[in-house]
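The values are calculated or read from the model by the stated rules, or taken from the named source; none is laboratory data. Being a predicted model, the structure only gives us computed values, none of them experimental. Note that we place each Cβ from the backbone using ideal geometry, even for glycine, and neighbour counts take in every protein chain shown. Accessible surface is based on the protein model in full, side chains and every heavy atom, while ligands, DNA and RNA are left aside. Shrake-Rupley method; radii C 1.70, N 1.55, O 1.52, S 1.80 Å.
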Amino acid sequence: SIQDKNALHLYSVNGKYLGSETLKEEVSDMCVTGEYIVMGSLQGFLSIRDLYSLSLTISPLAMRLPIHCISVTKEYSHILVGLEDGKLIIVGVGKPAEV
């Protein structure tokens, strides 16, 4: 049914509809950082999407617990993920040599 579907919609600053993407998870928190959308879900997945195409840039990372909050450091070097059990997961961004 339509009630069971989640979607991400993209609009311009002037309110023009630009596109949408159907999501498999329920989004619990999101953060727009530069040209990316970083999203956490109640199903425990951390996703990074391109801001303009809404497509996934990498496959979602499984955190195994519901994600309650997300933040990105001001240098864009790490993603901070707060989980339901109170743990803070720090995810390095970039190539392994850079992290």
- Message: Give me, ordered by chain and number, the residues 5 or more places off Val93 or on other chains with an amide H under 5 Å from its own placed amide H.
- Response: His78, Ile79
- Item | Average Cα contact separation per residue, the chain, under 8 Å, 6 or more apart, as relative contact order % | 17
- Query: Name the chymotrypsin sites (Phe, Trp or Tyr not before Pro) in the chain that are in a loop by DSSP and that have at most 15 other C-beta atoms within 10 Å, would you?
  - Reply: Tyr52, Tyr76
- Distribution of pairwise C-alpha distances over the stretch 2-92, 10 Å bins, in %: 16, 49, 29, 6
- Task: Keeping all protein chains in position, work out how much accessible area Val38 exposes to a 1.4 Å probe, and write it in Å² to the nearest 10.
- Result: 10
- Spin-label point model (7 Å from Cα, Cβ direction): what's the Thr57 to Ala7 distance in nm? 2.5
- the chain, accessible surface, carbon-and-sulfur percent (1.4 angstrom probe): 54
- Message: For a quick check: with amide H placed at 1.01 Å from N, whose amide H comes under 5 Å from Thr33's, ignoring anything fewer than 5 positions away on the same chain?
- Response: Val38
- Could you give the accessible area per residue of the chain, probe 1.4 Å, as a whole number in Å²? 69
- Note on the structure: Listed by chain and number, the residues whose amide H is under 5 Å from that of Ser41, excluding neighbours fewer than 5 places away on the same chain and using placed H, are Ser28, Ile67
